[in-house]
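Novice: Before we start, here is the structure in question, set down as structure tokens.
The values are calculated or read from the model by the stated rules, or taken from the named source; none is laboratory data. The structure presented is a predicted model; accordingly, all values stated were derived computationally and were not measured. Glycine also receives a Cβ, built like all others from the backbone with ideal geometry; neighbour counts cover every protein chain displayed.
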Amino acid sequence: MSFTAVLAQLPQADFVRPAIDWHAVAPELVLLAAGALLTLIDLIGLERSRRYSASLTGLAFLLPLIPIATLAIDGIGEEPRSMFGGAYVVDAYSLVLKAMFLVIGYVVVLLSTQYIEEGDYWESEYYQMLAASVLGMVVMASARDLITIFVALELLSIPAYLLATWRKRDLRSNEAGIKYYLMGVFASAVMLYGMSLVFGVVGSTKLVDIGAELGGAIGEEPAVTLGLIFVIVGFAFKVSAFPFHMWAPDTYEGAPTPVTAFLAVASKAAGFVALMNLIVVGFLDREEVYQPVVFILASASMFAGNFMALRQTNVIRLMAYSGVAQAGFMLAPLVVVGEPGLADDAVGAIVTYMVIYAAMNLGAFGVILTVARKTRSGELSSFGGLFSYAPALAVLMTLFLASLAGIPPLGGWYAKFGIFRSLIEADTGWGYALAVIAAVNTVVAAAYYFKLASRMWFDDVPDGDTTRIPLPAPLVAALALCIIGTLVWGVVPETVTHFTEVSLIAAGP
């Protein structure tokens, strides 16, 4: 019997294509089309067009902001758009995050332009990988399904593994990529195993269904508890929380500096987005499981990150351990997110922190990249006397460091204020304990931030070379965007909270 005859005897089912809201997925489609165009230009060998890869990629990140704006104007905050039975949701929360990822991608392109042109790199492929990773982040913002979350996570992670080892003739870059890849694969396996346990008990991959089921007796199954812990541990790696941070210092140091900035800001933020979606929509009723786990991760990350940063002599490693401590700050509101009426405040505090953190951290890495172009070193000593020959860069770096330390009236103070407010308003022992831990660590962090700042202002230039540092236009634009955000969001915080005080709505089918 032929294969066609066998198929004819099988029962036929009517296939109904899922309804797709094309306007709602327009940002993803625009970014996908732009990424495909970049690949096509590279494939057909238009050498002249390849020179404009950076400009085209920057445009690819800006164009999706148009449908995001039209969706916001269309009142999507009041009426979220749900597709695929609630597996993909576009609401005000996701729009803010998508806009943040796209702007971060654009700033990273500005930071990369001169760096990639001057090095022995594959330019076109670099920007294609960057666009693919940002696409994964944009999808992550709307993912409300375990499968969608995992696919988005791998879409953003696999290009990041390649970007980390982009300096192919540099052994440290090769080591960075290998460590990041091996640890990332291990974390993904742990996380996927946890997801499979949850699915096996609940019988659904949609976060809405999981949240409904975990509120009953099924949520007390030991397999569910183990699954939730495994999922949280998997994402703890993605956000470089202690003790799952081991990859971060070596990867940050070995990767190209623009890639380090991208991993420290965008990749970390994407991990937090996924973790928020999972806890707030799917796991909220299992507070007795995730609360102690997240409390330990948050407090340990703050203490370990800050105290290890105090001992660093390399500025990139210092920023890596600073990122571990900052991850602890961003994890803190998730400890109290399950308290009645506090979910929106906790989510808003984290989103606000991520947006402000992106501006000040990208700005700091922009200055580090600029100074390293002259000194060819990442040591703290290479910043000695920076004010004497590059006063603008010294002032900018001081402002970014002060903002990271939480000094008013810079944006960092309001980011930390939102974290403290969400913890204290919870009026629980968990919240008060974390608020005290966060306050202590804020003081500790100020020590190493200002140690670096003092070198720029009061130390002598190590080699006596006070020649000016050239500032290419893309770097100037990137630093300008970052310092404007850092200053404005600290002085007039309403300009950011107007967009970031959002509700993580679990839209149903």
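Novice: Select from segment 406-452 the residues that are part of a helix (DSSP H, G or I), among the small types (Gly, Ala, Ser) and in contact with a Lys or Arg (Cβ under 9 Å, 6 or more places away or on another chain) and list them in ascending order.
Specialist: Within segment 406-452, just Ala438 meets the criteria.
Novice: What residue, of Glu288, Glu253, is assigned to a helix (DSSP H, G or I), out of contact with any strand residue (DSSP E or B) (no Cβ under 6 Å at 6 or more places or on another chain) and surrounded by 20 or more Cβ atoms within 10 Å (Cβ to Cβ)? Reasoning before the result, please.
Specialist: On the way: Glu288 fails: surrounded by 20 or more Cβ atoms within 10 Å (Cβ to Cβ).
Just a single option satisfies the conditions, and that option is Glu253.
Novice: If only one of Gly338, Gly305 is crowded, with 24+ Cβ neighbours inside 10 Å and touching a helix residue (DSSP H, G or I) at 6+ places or on another chain (Cβ under 7 Å), which one is it?
Specialist: Values: Gly338 fails: crowded, with 24+ Cβ neighbours inside 10 Å.
The match here is Gly305.
Novice: Does any residue of segment 187-194 turn out to be touching a strand residue (DSSP E or B) at 6+ places or on another chain (Cβ under 8 Å), surrounded by 20 or more Cβ atoms within 10 Å (Cβ to Cβ) and assigned to a helix (DSSP H, G or I)?
Specialist: No, segment 187-194 contains no residue that is touching a strand residue (DSSP E or B) at 6+ places or on another chain (Cβ under 8 Å), surrounded by 20 or more Cβ atoms within 10 Å (Cβ to Cβ) and assigned to a helix (DSSP H, G or I).
Novice: State whether the residues of segment 394-404 include one that is of a type in the set (S, T, N, Q) and either on the phi > 0 side of the Ramachandran plot or not in a helix (DSSP H, G or I) (or both).
Specialist: No, every residue in segment 394-404 fails to be of a type in the set (S, T, N, Q) and either on the phi > 0 side of the Ramachandran plot or not in a helix (DSSP H, G or I) (or both).
Novice: Now a separate question. Regarding Ala346, is this residue modelled with pLDDT of 85 or more and within 24 Å of Arg311 (Cα to Cα)?
Specialist: Working: modelled with pLDDT of 85 or more: yes; within 24 Å of Arg311 (Cα to Cα): no.
Judged against the criteria, Ala346 is not a match.
Novice: Now for a separate question. Within segment 203-210, identify whether any single residue is within 18 Å of Tyr181 (Cβ to Cβ), assigned to a helix (DSSP H, G or I) and hydrophobic (A, V, I, L, M, F, W, C), and answer yes or no.
Specialist: Checking segment 203-210: not a single residue is within 18 Å of Tyr181 (Cβ to Cβ), assigned to a helix (DSSP H, G or I) and hydrophobic (A, V, I, L, M, F, W, C).
Novice: Quick check on segment 50-81: of everything there that is surrounded by 15 or more Cβ atoms within 10 Å (Cβ to Cβ) and small (Gly, Ala, Ser), which residue is modelled with the lowest pLDDT?
Specialist: Among those residues, the one meeting the criterion is Gly77.
Novice: Can you tell me which residue in segment 391-428 is farthest from Gly348 (Cα to Cα), limited to those that are surrounded by fewer than 23 Cβ atoms within 10 Å (Cβ to Cβ) and polar (S, T, N, Q)?
Specialist: Thr398
Novice: Which one of Gly254, Gly227, Gly282 is at pLDDT below 85 and under 19 Å from Val335 (Cα atoms)?
Specialist: Sole residue among the options that is at pLDDT below 85 and under 19 Å from Val335 (Cα atoms): Gly282.
Novice: Looking only at segment 429-467, filter to residues that are within 15 Å of Phe387 (Cβ to Cβ) and among the acidic types (Asp, Glu); which one of those is surrounded by the most Cβ atoms within 10 Å (Cβ to Cβ)?
Specialist: Here the residue is Asp459.
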